[in-house]
1. Considering each residue of region B:310-340, count those that are within 14 Å of chain A (Cβ to nearest Cβ), out of contact with any strand residue (DSSP E or B) (no Cβ under 7 Å at 6 or more places or on another chain) and outside any loop (DSSP other than H, G, I, E, B), and give that number.
2. Please work out if residue B:307 is touching a strand residue (DSSP E or B) at 6+ places or on another chain (Cβ under 6 Å) and touching a residue at least 12 places away in the same chain (Cβ under 8 Å).
3. Can you spot a residue in region B:410-421 that is out of contact with any helix residue (DSSP H, G or I) (no Cβ under 7 Å at 6 or more places or on another chain), at pLDDT 90 or above and either part of a loop (DSSP other than H, G, I, E, B) or assigned by TED's automatic domain parsing to the domain that holds residue B:15 (or both)?
4. Looking at region A:261-281, which of its residues are surrounded by fewer than 22 Cβ atoms within 10 Å (Cβ to Cβ) and in a strand (DSSP E or B)?
5. With the checklist (1) within 23 Å of residue A:119 (Cα to Cα); (2) in contact with a strand residue (DSSP E or B) (Cβ under 9 Å, 6 or more places away or on another chain) in hand, flag the one item residue A:55 doesn't pass.
6. Identify the single condition in (1) crowded, with 22+ Cβ neighbours inside 10 Å; (2) over 20 Å from the mean Cα position of the chain (by Cα); (3) without any contact (Cβ under 8 Å) to a residue 60 or more places away in the chain; (4) facing chain B (nearest Cβ under 8 Å) that residue A:47 does not satisfy, given that it satisfies every other one.
7. Can you confirm whether residue A:12 is within 10 Å of another protein chain (Cβ to nearest Cβ), surrounded by fewer than 18 Cβ atoms within 10 Å (Cβ to Cβ), out of contact with any strand residue (DSSP E or B) (no Cβ under 8 Å at 6 or more places or on another chain) and not in a loop (DSSP other than H, G, I, E, B)?
8. Hey, any hits in region A:144-157 for a residue that's modelled with pLDDT of 95 or more and closer than 27 Å to residue A:92 by Cβ?
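The values are calculated or read from the model by the stated rules, or taken from the named source; none is laboratory data. Since the model is a prediction, treat every value here as computed from it, not as a measurement. A quick note on method: Cβ atoms are made from the backbone with ideal geometry, for glycine too, and the neighbour counts reach across all protein chains shown.
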């Protein structure tokens, strides 16, 4: 009935999703990132200024009836934030820190089993071009995952300036460049060898490009990469990556760090330090990002920039794998069940409980025995039933739905015991 | 650069939007409504089971590349909730209370100045068919608006069973029915007269239909409507509306209540009590809803149901009109500015402040005078600058950005004064 890969979350999953979103947005806020809301669709020609062809090919498009122009459902939020920073916020002094919680949409084959509607929460730090800024976004991403309760993860660091520098001989031919970068991204040595043969490159270039596949590991990768850093872009890129590495190491993350100079990420706009974060037992990255220093200029206001996005579906999945999150879910704290004669007491009690923050369902028309309501309440995951059968000073019968344990309480005692718990 | 009527919110507006959303979702939760997430697009043929032609005509559609089927960007959430309740939640005992916070999308002419991307937060109460359920959704909608801080509003009550009963002579011709209902909805007496003439209806039917335009006002409308309630649907509808009115009156809302038996609302699925809530000074309704007892059966599981949605753009606008909400906005509480030598103290201070819930931007590389940073900080709406220039026991200079007032504090005193404030 519904397409594969679109978002449907029932109450329990939605409640966990909201909790994750709130924690992440609150951490972004604590780091000074201000949330913005961007349109779900916009004009294709404007949006496409900011992204590469591959991503556009995977985007959903339709014709706007009012203008006849093509619209695109956003496949990525970063270009929208860049546009906002470069236009609506162009009078603001830099740096600008922005964040968002948004869905992006990408065509997938039905059988691919991948998401077509992807929930991302991300942040962009616009202005600074230094290593501190690169490191800030990585440190924030790590802190978010730690505070969500994820314990073991790896941070993979790459450097697009270095990688682009090595592939510089192909920059005059965008098609060749892209194919070779694609083979590097897939770490497909034999395909890469074949492509290089086709391109008829010299031995030296061939060796340098192939070495991209081996330049991953610990701190020693810096030494191994140094002889290759001949092109100025490579040199500057490697120097920058060392600085970022040092900041992250100082912050205590050495164990988690992995350098991978063949890392590419799928977006055309990256120009410098890039990163991805993996968690044990989850095949794909939980988040990633990097520096994109030439995106804002496409919207008329050149500025350095770096950012990242977290993949909320995967984070939720990873958290659900850890035993700690397997706590009970209740749909409501109380079902206030009452007879018609006890209506005004029930209404007043419900109000008091709600004002105290409890989730309360009120239901008139009690008849028969309380036991006949227990089975439904159990299936509905309601925690407690409070039964009011009339009379101003009548006791309330409180029934714990799971155990069936009952006790009678006076309204004042009930509220007191709740406020003290 | 961006289409008219799509959502773009800068930090200040987003922050207010989030605050409104959180308050509303928390009230829904306190009334036992559980949030769900529904897809932004789905198959047109499935979605269209639940909505009328008019709404479908205004929906954005595109072809799904993977299946070749038509997709629709949801123009309404209620049919999605009905589908979920009737399928994924069909094993749950009734009643089911669900809520959502979601955008809906509707074609508008560029010059119409209306929203094309509309943020709604709504709830659905699935199962009960009684007046208590009708009243619950209205009472909840009212409580939400009150707790958001809106003071003066009107609740307009209608009854689709009554209205449909009066229009029963036209039910055999859907085209006539729709045109006449449309003229009633617009309260366009001369157009309605012309249509009735065209339909060649008898004097009695003509008088009854035209009277729909006059049946609005206070409690006395019930007496005026009684002679028209001949058809059983009219009788039952009127009786039900009296019950709902009585519950709302008992709850203290008599002043706000307005009966309008010519009220129709734009959705084909309503079958019983309907309502709209207006606030003084806002032309359109802030929210509304009603009973739709035949929607779930279209997805295979017949059930009574009632619900409502709030129009968040308009509520935000209404709140911004009230003086009370004109409070200052700060993008961050602290800019921790420091020299390279004070980096580790600055990092540690920033962490402590963030853990205490403050919004903190840390910035290395202080040079020159603090005054040169004030103007940017003011534009960025940062509340305070904390300056650290090195040394373990050195004082922190705290600068209030708006007033420029400075004082020196020891780190321990600073944290203490913050935690006590």
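1. 1
2. On the way: touching a strand residue (DSSP E or B) at 6+ places or on another chain (Cβ under 6 Å): yes; touching a residue at least 12 places away in the same chain (Cβ under 8 Å): yes.
So residue B:307 passes the test.
3. We begin by selecting, within region B:410-421, every residue out of contact with any helix residue (DSSP H, G or I) (no Cβ under 7 Å at 6 or more places or on another chain); these are B:410, B:412-414, B:416-421.
From the residues that got through so far, the ones that are at pLDDT 90 or above too are none.
No, region B:410-421 contains no residue that is out of contact with any helix residue (DSSP H, G or I) (no Cβ under 7 Å at 6 or more places or on another chain), at pLDDT 90 or above and either part of a loop (DSSP other than H, G, I, E, B) or assigned by TED's automatic domain parsing to the domain that holds residue B:15 (or both).
4. Within region A:261-281, A:278 is the sole residue that qualifies.
5. All conditions are met except number (2).
6. (4)
7. On the way: within 10 Å of another protein chain (Cβ to nearest Cβ): yes; surrounded by fewer than 18 Cβ atoms within 10 Å (Cβ to Cβ): yes; out of contact with any strand residue (DSSP E or B) (no Cβ under 8 Å at 6 or more places or on another chain): yes; not in a loop (DSSP other than H, G, I, E, B): yes.
It is true that residue A:12 is within 10 Å of another protein chain (Cβ to nearest Cβ), surrounded by fewer than 18 Cβ atoms within 10 Å (Cβ to Cβ), out of contact with any strand residue (DSSP E or B) (no Cβ under 8 Å at 6 or more places or on another chain) and not in a loop (DSSP other than H, G, I, E, B).
8. Yes - at least one qualifying residue is present in region A:144-157.
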